[in-house]
Amino acid sequence: MKKTSYEFVRAFTLVELMVTVAIIALLTGIIVTNLTGSRSKARDAKRISDIGQIQLALELYFDRCKQYPQQIGGDPHISNAMLNVSNGCPAANPAIKLSSYISNIPTPPGGTSQVLYDYDVNNLSRPTSYVLHTKLENYNEVLKDSAPTHPFPGGPTSSAAPSGTGSPTTATCGAATLDYCLTP
């Protein structure tokens, strides 16, 4: 008797492998593209949250000192240098510093370009109003709540460049420019 063996070898053809690799590459491209947008939105959310934390610390400082902290050397960027300076609290409260309400100024997230947090006051000797500013990467509904006009007289009024007393003005803030500003 003769034995015949019919064994079939099941394997993928070259065409099937190429189609599978193409589908995986296409799905990977779609996912990576969607993640890029999510990352920039996450950076914007952090910027909005950071500005809110800084605003809360400034309001708590104002509650005790009846004025906002002064800028350090006219620098428009809010930094950790402002935290431990006794800059404006009356002699009755010399121990009150901005660091009493916020331990560190939040570091802005990276991104396409480093966006700093700006702080501008209305009066360098006795600040009673301020503008906090940052630039977002994407449109966000919170831009509708951004301060639309400069809130105090004597502050910078042109949106072209900083005036020397601080950051860009709130006159530039809103959805058209992606600038986000907060005032008291």
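Flag set for L178, criterion: at positive phi, modelled with pLDDT of 70 or more and touching a strand residue (DSSP E or B) at 6+ places or on another chain (Cβ under 8 Å). Just for the stretch 109-127: of the residues that are in a loop (DSSP other than H, G, I, E, B) and at pLDDT 80 or above, which one is farthest from T36 (Cα to Cα)? Out of the qualifying residues, it is Y117. Here the condition is being at pLDDT 85 or above, assigned to a helix (DSSP H, G or I) and open to solvent by 90 Å² or more (accessible area, probe 1.4 Å); of L17, L27, it holds for L27 alone.
Residue by residue, here is whether (1) out of contact with any Phe, Trp or Tyr (no Cβ under 6 Å at 6 or more places or on another chain); (2) of a type outside the set (A, V, I, L, M); (3) modelled with pLDDT under 85 holds:
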| site | (1), (2), (3) |
| --- | --- |
| D44 | yes, yes, no |
| E59 | yes, yes, no |
| F62 | no, yes, no |
| P94 | yes, yes, yes |
| S100 | yes, yes, yes |
| T107 | yes, yes, yes |
| Y139 | yes, yes, yes |
| H150 | yes, yes, yes |
| P156 | yes, yes, yes |
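Scan the stretch 40-62 and give yes if some residue there is charged (D, E, K, R) and free of Cβ contacts under 8 Å to residues at least 40 places away in the same chain, otherwise no. So far as the stretch 40-62 goes, no, none of its residues is charged (D, E, K, R) and free of Cβ contacts under 8 Å to residues at least 40 places away in the same chain.
The values are calculated or read from the model by the stated rules, or taken from the named source; none is laboratory data. Nothing here was measured: the structure is a model prediction, and the numbers come from that model. Every residue, glycine as well, gets a Cβ built from its backbone with ideal geometry; the counts of neighbours run over all protein chains shown. Each accessible area value is taken on the protein alone, full model and side chains, heavy atoms only, with ligands, DNA and RNA left out. Shrake-Rupley method; radii C 1.70, N 1.55, O 1.52, S 1.80 Å.
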